[in-house]
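Report on one structure; see the data block that follows.
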Amino acid sequence: MISRRKKKVKRRGHKTHGWGSKKKRRGAGNRGGRGMAGSGKRADQKKPSIIKKYGNKYFGKRGFKRPQNQIKKIKTINVHELNQFKDKVDLIELGYNKLLGKGKIEKAIEVKVAFASKKAVEKVEKVGGKVINE
């Protein structure tokens, strides 16, 4: 087997690599754009074949999900709102994630919650209550 040099290596030093005038191969205009550009977005005769091949989702814009929207939302409740409950309360069951320390608590209460601020824990324990983190 004869090993041959590649065509592009052979053409090194030649101004146009064998493709004629520089003007002819400038940009992507000579091939109708790059990639799938001009493949029927504007020319109606190509649309049916593209829809058949790729489906209806080929045309138009597709959104994306921002990472900020995927962050789990924290639903909070303040200490003063615990006054409406009796001896024990499960905030996780009620749909709350975090206990915050705003307001005053008037009675001892046992609170079950995922997260709690230091101030909230202090206030609940000051009146003889208890915070259980889960």
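Which ³J(HN,Hα) values, rounded to whole Hz and listed in residue order, are derived for region 88-100 from phi using the Karplus coefficients 6.51, -1.76 and 1.60 in 6.51 cos²θ - 1.76 cosθ + 1.60 with θ = phi - 60°, glycine and proline given as x?
10, 8, 9, 6, 5, 5, 7, x, 9, 9, 9, 9, 10
Just list whichever of K8/K47; K24/K52; K88/K126; K8/K61 have alpha carbons separated by over 27 Å in the model shown.
K8/K47; K24/K52; K8/K61
Only helical DSSP H runs with n ≥ 4 go in: add -39500 (n - 2.57) per run for the chain, normalise by residue count and round the 222 nm mean residue ellipticity to 500 deg cm²/dmol.
-4500 deg cm²/dmol
Just to be sure I understand the model, the point goes 7 Å from the Cα along the line to the Cβ. What's the resulting A37 to E93 distance in nm?
A separation of 6.3 nm, rounded to one decimal place.
Name the long-range amide H neighbours of A116: under 5 Å, sequence gap of 5 or more, or other chain; modelled H, no Pro or chain starts.
L99
Top mean-square fluctuation among G95, G35, G13, Gaussian network model of the chain, C-alpha springs under 10 Å?
G13
Label points 7 Å out from Cα along the Cβ direction at I132 and K57: separation in nm?
Inter-label distance under the simple model: 4.6 nm.
Quick one: among K102, K53, K15, which has the greatest mean-square fluctuation in a GNM of the chain with alpha-carbon springs under 10 angstrom?
K15
Amide H neighbours of I105 under 5 Å, at least 5 residues apart or on other chains, H built in the peptide plane: list them.
none
Taking amide hydrogens as modeled 1.01 Å from N in the peptide plane, which residues meet the under 5 Å criterion relative to E110, leaving out close sequence neighbours?
K88, V89, K130
Any idea what the dipole of the chain comes to, in debye rounded to 20, about its Cα centre with Lys/Arg Cβ at +1 and Asp/Glu Cβ at -1?
Roughly 3180 debye, rounded to the nearest 20.
With the chain treated as a Gaussian network of Cα nodes joined by springs under 10 Å, which of A116, A108, A28 yields the largest mean-square fluctuation?
A28
Run the numbers for Q45 and K118: contour at 0.36 nm per residue of separation, minus the present Cα-Cα distance, in nm.
Working it through step by step, the gained length comes to 19.5 nm.
Since every read-out is calculated from the coordinates, none of them should be taken as a lab result. Since this is a predicted model, take the numbers as computed values, not measurements. In this analysis, Cβ positions are derived from the backbone assuming ideal geometry, glycine residues included, and neighbour counts consider all displayed protein chains.
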